Amino acid sequence: MKNLWKDLDIRVYTSNLLGRSDELVLHGGGNTSVKIRVDNEDILYVKGSGWDLVSIKAEGFSPVRVQSLLDMAKLDYLSDSDMVKLQRDAMIDKSAPNPSVEAILHALIPYKVVDHTHADAIVTISNSINGKNHIKELFPNFLIVDYIMPGFLLAKKIYEMTKDFDWDRCEGIILHNHGIFTFDDDAKKSYSKMIESVTQAEEFLDKNSSLYIPSLSPKDFDIDKLSTLISKAKGYEVVTKINTSPISIFYSLQENLKSFATRGVLTPEHIIRTKREPLILENNRDMEEALIEYMDNYQDYFDKFSTDEIILNKAPNYAVISGVGFVSFGKNQKEVDIIDDIISHTIKAILKADKLGGYESISIKDSFDMEYWELEQNKLKATK
Ligand SMILES: [Zn+2]
């Protein structure tokens, strides 16, 4: 038992370190794990859902039998809801939170410590038009995986890709349009590999896509009018937050704003907070008219891809306003702050990726699958 606490304490410490940097993870993003021998059995202590890396404690880790997770990877198909059930059955302490949906993937990586983040620099490069080539050149000894829905499908793909695989020569994993994994038997080394890899990506961006942001002042804007309209559309009083930082104004002044600012999310789970597209207000367009058009388009998007899902609220979660910046809409202060943070990181990434030849996120279909993922909907309900 002494050993267990030490391993878990160190795991908590480096998880908090990763969580402290918002260039690595934002609001519940990313996950970490440590494999510990308990009563002659390998147990994966993996981040529990509902916990943030920055503040996670020992009780935020969910203890799951490694062998049970490895057996799940061998199944041909498993719905994500069934996966959550099986993972709960495989927990040695049922009072712990549900394990991260990436638990199977953590189990497949044959190292004691596994770190996963959505580092800005990595997803910025990956979400650029030549991202695949750049990532390959920057990380020649990494396992590089094309975008696939997180959860069982991703775990299954890694299982297939690593059947006859020399893990000793693998320095990490890059999931395109999603994030990065590092691992080691030593927590400090795994953490250091994460920092070194992300630094390498940051240096690449500094060299190839540094931004010059002029100092700009926002135009006048009637935020109260917009707030009233959005509240009416949402069916509840929204909290609004306006962001008029120089980079936000600069972003809002780009040409063809309607196509420029609607190119998708930086990492898939952001879509739950932000939706795929913002409301665009430019050329003194009538707000009400623009909002109606937005909601009609959202209905079309839903009709195109839905099978038996229930439509979410059709009103936007943020707006980009030409010459002003962007405005976020939330149920409460906490939610609006999260959206503001996510979009602040996203616009910087988009401007940088454009310098690399163009920003390109996951497809609209993949976005839909993520936005309407049953597990993500559950997660949102839990944090209400
Ligand atoms: Zn992730």
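The values are calculated or read from the model by the stated rules, or taken from the named source; none is laboratory data. Given the structure is predicted, the values throughout are model-derived calculations rather than measurements. A quick note on method: Cβ atoms are made from the backbone with ideal geometry, for glycine too, and the neighbour counts reach across all protein chains shown. Surface accessibility is based on the protein's heavy atoms, side chains included, excluding ligands, DNA and RNA. Shrake-Rupley method; radii C 1.70, N 1.55, O 1.52, S 1.80 Å.
Farthest toward the dipole's positive end in the chain, which of 64, 287, 312, given Cβ charges of +1 (Lys, Arg) and -1 (Asp, Glu) about the Cα centre? Checking the options against the dipole of the chain, the answer is 64.
Using Cβ point charges alone (K and R +1, D and E -1), the dipole size of the stretch 1-140 about the Cα centre works out to roughly 280 debye.
Solvent-accessible surface of protein heavy atoms, probed at 1.4 angstrom with all chains present, puts 163, 207 in the order 207, 163, largest first.
Relative to the longest principal Cα axis of the chain, at what angle does helix 152-161 sit, 0 to 90 degrees, rounded to 10? The two axes meet at around 60 degrees.
Here the Karplus relation 6.51 cos²θ - 1.76 cosθ + 1.60, evaluated at θ = phi - 60°, turns the backbone of the stretch 307-313 into coupling constants of 10, 10, 6, 9, 5, 7, 4 Hz, with x for every Gly and Pro. Summing Cβ point charges (Lys, Arg +1; Asp, Glu -1) relative to the Cα centre of the chain gives a dipole of roughly 600 debye.
Once the C-beta distance of residue 153 and residue 196 is scaled by a Förster radius of 41 Å, the resulting FRET efficiency is 0.90 to the nearest 0.05. Can you tally the net charge around residue 61? Count Lys and Arg as +1, Asp and Glu as -1, for every other residue whose Cβ sits under 12 Å from the Cβ of residue 61. With Lys, Arg at +1 and Asp, Glu at -1, the net is 0. The stretch between residue 16 and residue 231, if pulled fully straight at 0.36 nm per residue, gains 73.8 nm over its current Cα-Cα span. For a paramagnetic label modelled on residue 171 (point 7 Å from Cα along Cα→Cβ), amide N atoms under 16 Å away belong, within the stretch 201-216, to 201-205. Residues in the chain average 46 Å² of solvent-accessible surface per residue, probe 1.4 Å, ligands and nucleic acids excluded. Largest mean-square fluctuation among 218, 99, 278, in a Gaussian network model of the chain whose springs join Cα atoms under 10 Å apart, belongs to 218. Pairs over the 25 Å Cα-Cα cut-off, from the set 57/334; 275/331; 74/365; 334/355; 331/352; 47/132: 74/365; 334/355; 331/352; 47/132. What's the whole-number percent of alpha carbon pairs in the stretch 295-384 lying beyond 15 angstrom? Every Cα pair in the stretch 295-384 considered, those over 15 Å come to 72 percent.
Rounded to whole numbers, the Karplus 3J(HN,Hα) couplings from phi for the stretch 113-120 are 10, 10, 10, 10, 10, 10, 2, 3 Hz, using 6.51 cos²θ - 1.76 cosθ + 1.60 with θ = phi - 60°, and x at Gly and Pro.
Computed on the Cα atoms alone, the convex hull of the chain gives a volume of 135 cubic angstrom per residue. Here's the picture: a label point sits 7 Å out from the Cα of residue 365 along the beta-carbon direction, and within the stretch 293-326 the residues with their amide nitrogen under 20 Å of it are 298-310. With contacts taken as Cα pairs under 8 Å at a separation of at least 6 residues, the chain carries a relative contact order of 17 percent. A Cα-only calculation for the stretch 94-176 places Rg and Dmax at 13.7, 46 Å.
Of the solvent-accessible surface of the chain, computed with a 1.4 Å probe over protein heavy atoms with every protein chain present, carbon and sulfur atoms account for 48 percent. Cα extents for the stretch 21-157 along the principal axes, largest to smallest and rounded to whole angstrom: 47, 36, 27. Relative to the longest principal axis of the Cα atoms of the chain, the long axis of helix 223-234 lies at roughly 60 degrees.
Kirkwood's formula applied to the C-alpha pairs of the stretch 1-81 gives a hydrodynamic radius of 13.6 angstrom.
When the chain is modelled as a GNM with alpha-carbon springs shorter than 10 Å, which of 153, 75, 351 fluctuates the most? Residue with maximal mean-square fluctuation among 153, 75, 351: 75.
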